[in-house]
Amino acid sequence: MTTYPHGDSGDFTPYSVRPRTEDEMLERAGAFHRLMAERRSVRTFSREPVPRRLIETAIATAGTAPSGAHQQPWTFVVVGDPSLKREIRVAAEAEERVNYEGGRMPDDWKEEIARLGTSWQKPYLEDAPWLVVLFEQRFGLDAAGNKRKHYYSRESVGIAAGLFIAAVHYMGLATLTHTPSPMAFLSRLLRRPANERPFVLFPVGLPTEDAVVPRLTRKPLDEISIYT
Ligand SMILES: Cc1cc2nc3c(=O)[nH]c(=O)nc-3n(C[C@H](O)[C@H](O)[C@H](O)COP(=O)(O)O)c2cc1C
C-alpha cells in the first residue's frame, strides 16, 4: 500500500527526477550558469519581428513557476500593436520625465542608477516587437465579483518573472526588466481589472546590432552565500 506523506486528502501522482551522475549534474549546472551569466538587460531593441510562438513559449515557461497555494496569480498581457505600444511609450515617458526632471526621483536613487545611462526617454517601448506586461493578481476575482485571498502573490509573480527572463534569454532573445514608475497607466491602457497590479513591463526582441550595456560586475559567490 502506498503511504502518502501529506495525509490522505488530495490527488497524487508519482514523481521522480531523472537519475544523473554527479559529473553530468556538474556539467549541466556549469552550462546553465554560463548561459545565465551572459544575460544582460538591453535598452536598445531592433525593430526586427519576432515570432509570436516564442513569446507564447516564454510565457508558458513562466507559468510553470511555483506559487503560493498554487494560485498562479499572474496575467501576462502581450502587446504587439504599434499604436498601443506608442500609447504605452508616451505614458511611460510622461511619468519618467517627472521622475528624472521633475524632482520625483530622490538624489540617492539618481546616484545609484547613474552608471546605467538611463533617462526618461524610452524608445525601446516602440522599437521592441513585443511588450509583455506582467500583472500581479493581488486577490482572485470571479465573474460574479467575489474576492478570493491570494497567498504570497508578490513572491510568486517575482519567481514567474525570473523564469520568463531566463526563458527569453535561453531562446536567444533579449529583454529589459522595466518598471516605469508609477505604473498605474498600464492598468488603464490595458484595461485590467481592479485585482491586478502592474508588476513589470518586459520589452522583448533582439538587441540592435550596435547595442551596448553598462560594464557591471556581479557579486562573488562568497558575498552572496553563507554556509553555516
Ligand atoms: C525589479 C527591477 C526593476 C527594474 N527597473 C528598471 C527600469 O525601470 N529601467 C531600467 O532601465 N532598468 C530597470 N531594471 C534593470 C536593472 O537596472 C538591471 O537588471 C541591473 O542594472 C543589472 O543589469 P543586468 O540585468 O544587465 O544584469 C530593473 C531591474 C529589476 C530587477
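The values are calculated or read from the model by the stated rules, or taken from the named source; none is laboratory data. These numbers were taken from a predicted model, which means no experiment stands behind them. Because the Cβ atoms are built from the backbone with ideal geometry, glycine has one as well, and the counts that use them run over all protein chains shown. For accessibility, only protein heavy atoms count, side chains too; no ligands or nucleic acids. Shrake-Rupley method; radii C 1.70, N 1.55, O 1.52, S 1.80 Å.
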Scan of segment 6-36 for residues that are closer than 26 Å to residue 162 by Cα and open to solvent by less than 80 Å² (accessible area, probe 1.4 Å), ordered by number: 20, 24, 29, 30, 31, 35, 36
Residue list for segment 126-172, restricted to those being of a type in the set (D, E, K, R) and open to solvent by less than 10 Å² (accessible area, probe 1.4 Å): 136
So residue 207, is it within 16 Å of the ligand (Cβ to nearest atom), more than 21 Å from residue 81 (Cβ to Cβ) and either open to solvent by 30 Å² or more (accessible area, probe 1.4 Å) or in contact with an Asp or Glu (Cβ under 8 Å, 6 or more places away or on another chain) (or both): yes
Conditions (1) in a loop (DSSP other than H, G, I, E, B); (2) within 16 Å of the ligand (Cβ to nearest atom); (3) in contact with a helix residue (DSSP H, G or I) (Cβ under 7 Å, 6 or more places away or on another chain); (4) under 27 Å from residue 153 (Cβ atoms); number of the one not met by residue 66: (2)
Residue 72, sole failed condition from (1) at pLDDT 95 or above; (2) assigned to a helix (DSSP H, G or I): (2)
